[in-house]
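The values are calculated or read from the model by the stated rules, or taken from the named source; none is laboratory data. Computed from a predicted model, the values in this text were never measured in an experiment. When we count neighbours, we look across all protein chains shown, and the Cβ atoms used for this are built from the backbone with ideal geometry, even at glycine.
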Amino acid sequence: MTASKEPPSSQFAFVLLAAKRARQLMAGAPMLLGHTRAHKPTRIAVEELQHELLEYDLPEVSDRAEEKEAKRRSE
């Protein structure tokens, strides 16, 4: 796994990260943005990701997992 701050290229990964961060904000975690027009945790989480304020790890997909996925799609 490699740590990254730039928004993920996958929309699915972006949504998962934003949702996880929104849950953290709802649980009382402090905002990383100084000023924001947003009030909802989900929107604040999206802005934090877009401003590259969050550091996250995405698991690397193994060759075997890619082969399984390709096989599943071909069936």
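Restricting attention to region 22-75, which residues are part of a helix (DSSP H, G or I) and either among the aromatic types (Phe, Trp, Tyr) or modelled with pLDDT under 85 (or both)? Don't jump to the end; show me each part of the working.
To start, the set of residues in region 22-75 that are part of a helix (DSSP H, G or I) comprises 22-26, 41-50, 63-74.
Those that are part of a helix (DSSP H, G or I) and either among the aromatic types (Phe, Trp, Tyr) or modelled with pLDDT under 85 (or both): ASP63, ARG64, ALA65, GLU66, GLU67, LYS68, GLU69, ALA70, LYS71, ARG72, ARG73, SER74.
Give region 27-57 a look and list any residue that's free of Cβ contacts under 8 Å to residues at least 12 places away in the same chain and under 23 Å from SER9 (Cα atoms), or say none.
Scanning region 27-57 gives a single hit, ARG43.
Can you list residue pairs whose Cβ atoms sit under 8 Å apart, with the first residue in region 1-26 being farther than 15 Å from THR42 by Cα and of a type in the set (Gly, Ala, Ser) and the second being at pLDDT below 95 and surrounded by 14 or more Cβ atoms within 10 Å (Cβ to Cβ)? Count only pairs 6 or more apart in sequence or on different chains.
ALA3/TYR56; SER4/TYR56; SER4/LEU58
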